[in-house]
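What follows is a set of notes on a single structure, which appears directly below.
The values are calculated or read from the model by the stated rules, or taken from the named source; none is laboratory data. On a predicted model such as this, the values are computed, not experimentally measured, just so you know. Using ideal geometry, Cβ is built from the backbone for each residue, glycine included, and neighbour counts are taken over all protein chains shown. We work out accessible area using only protein heavy atoms, side chains counted, and drop any ligands, DNA or RNA first. Shrake-Rupley method; radii C 1.70, N 1.55, O 1.52, S 1.80 Å.
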Amino acid sequence: MDNILSVTELTKSYGRKKVLQGTTFTLPVGRLVGLMGPNASGKTTMFNIISGLTKFRRGSVTIDGVPVGVATRSLVSYMPDKNFLYKYMTAKDALGFYKDFFPDFNEKTADELCVSLGIEKDEKVKKMSKGTVEKLLLLLTLSRKTKLYLLDEPLGGIDPLAKTKIVDTILGQFTGKDSTMVLSTHLLRDTEKLFDYALYLKDGQIIKSGEADTLRQENNKTLEEIYVEVYSE
Amino acid sequence: MNFNDNTPIFSQVMAYIKAQVAVGYFETGQKIPSIREMSQKLKINPNTVSRAYQELERQGITVTQRGLGVFVAENVGQNLKEEIARGHTEQFAKEMATLGFSEAETVEVLQNYFNRKGE
């Protein structure tokens, strides 16, 4: 099977603190992947590296066979866990910003998602609630037509209704064919049925990975129970 | 549809559709929802739905017509009814045995239940 992402012996430290310690894994194409791990396990660092924002010293990362770098920017659409939009911008400005930056930005998708997520185009980012900002970032990320989507904690700190909307949107945009989505989360109750592939990151290493249903069957546990088992050891 | 925990989700989707066919919600020759529709409705991964659909087809419960969709195969309702009934019965018998009831006692318990219910 084709792999969209291949990470080999990836090591990254910040000063003396080792964040990723020889992480190795591959991701098959066309999956909705859960990247599991508690806070400070290295999820965001991993995303920053895959999206080409952070340099790393050792190991290799290839996306669709291409080493990560300028050439892979167009292959990855990344939603960081922190808002990166200027406060003075309106939703409309943000859409324009993405349209100018990314040739693969699909305005039609963006408009449709604005309606389904209830985003007011004239509202300013600084007036938006946390949930609305989250929805806007998701909309921008998913309106690009790329091969790999990275969503860092898209369900963090938002109310159940907004969560449902976001899950619906992710499912609606996921084709299951030529694109792969990776969501980092520790809220497994909300995402158990969403993932068909799971990665468990602990202390900078992938210590368990595979098809979600196979993991469930082999361990006779839910992804959430596996999570508890893996991280309480 | 309520998902339970440890069973693979694709087999739970299969059981769900089989039950719908058994009770006649989906009839012979009727089109069942597309993978995308089912995925949105149950809020589960479309690849998981797709795997369930492949397995249903392999078991002869559905038939895919290219470009048209997935349809319930002929004469599967009655078989599915029996299959599901067998499952429930096995489960019941097993639990009664665990409680220490003999076969005869189990039948009696069931008979008494129906008698009381009929009153």
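Of note:
- Buried area at the B-A interface (accessible, heavy atoms, 1.4 Å probe, summed, Å²): 1600
- Listed peptides B:94-101, A:2-9 by packing density, highest first (mean Cβ within 10 Å): A:2-9, B:94-101
- On Cα atoms only, tilt of A:130-142 relative to the major axis of chain A in degrees: 80
- Of the trypsin sites (Lys or Arg not before Pro) found in the stretch A:1-51, those that fall in a DSSP loop while having at most 11 other beta-carbon atoms within 10 Å are A:R16.
- The stretch B:18-119 - accessible surface per residue (Å², probe 1.4 Å): 68
- Between B:N112 and A:K145, the simple spin-label model (points 7 angstrom out along Cα→Cβ) gives 6.9 nm.
- Neighbourhood net charge (14 Å Cβ-Cβ; Lys/Arg +1, Asp/Glu -1) for B:F101: -3
- For the peptides B:63-72, A:97-106, the ranking by packing is A:97-106, B:63-72, with the highest mean count of neighbouring Cβ atoms within 10 Å listed first.
- Measuring nothing but how far apart in sequence close Cα pairs (under 8 Å, 6+ apart) lie, relative to its length, chain A scores a relative contact order of 27 percent.
- Per-residue mean of foreign Cβ neighbours for A:185-196 is 3 (Cβ atoms of other chains, 10 Å radius).
- Put simply, when A:210-220, B:81-91 are sorted by average Cβ atoms within 10 angstrom per residue, most first, you get A:210-220, B:81-91.
- For the Cα trace of the stretch A:54-123, dividing Rg by the Kirkwood Rh returns an Rg/Rh value of 1.06.
- Residues of the stretch A:214-228 buried by at least 50 Å² on assembly (accessible area, 1.4 Å probe, chain alone as reference): A:R216
- Partner shielding of B:8-20 amounts to 2, given as the average count of beta-carbon atoms from other chains within 10 Å of each residue beta-carbon.
- Net charge contributed by nearby residues that have their C-beta within less than 12 Å of A:E120 (K/R +1, D/E -1): +3
- Percent accessible area from carbon and sulfur atoms, the protein assembly as shown, protein chains only, probe 1.4 Å: 50
- Between B:E119 and A:R57, the distance separating the two model label sites (each 7 Å from Cα on the Cα→Cβ line) works out to 8.1 nm.
- Residue-averaged beta-carbon neighbours from other chains (10 angstrom radius) around B:38-49: 6
- Once the 1.4 Å probe is applied to the protein heavy atoms, the stretch A:130-229 comes out at 36 Å² accessible per residue.
- With Cα atoms, 0 to 90° folded angle of helix B:77-98 axis to chain B main axis: 40
- Applying 1/(1 + (r/R0)^6) with r as the Cβ-Cβ distance of A:D178 and A:S116 and R0 = 22 angstrom yields a FRET efficiency of 0.45.
- Per-q log10 I(q)/I(0), the protein assembly as shown, q = 0.06, 0.08 Å⁻¹ (Debye; single scatterer per alpha-carbon; no solvent): -0.29, -0.49
- Principal axis extents of the C-alpha atoms in the stretch B:1-101 (largest first, rounded to whole Å): 54, 30, 21.
- 15 Å beta-carbon shell around A:K202, net charge (K/R +1, D/E -1): 0
- Rounded Å value of the spacing that divides the Cα centres of the stretch B:3-81 and the stretch A:57-119: 36
- The alpha-carbon of A:K126 sits under 16 angstrom from the alpha-carbons of these lysines, leaving out residues fewer than 8 places away in its chain: A:K82, A:K87, A:K92, A:K135.
- For the stretch A:149-197, applying the loop criterion from DSSP together with a ceiling of 12 other beta carbons within 10 Å to the trypsin sites (Lys or Arg not before Pro) yields A:K177.
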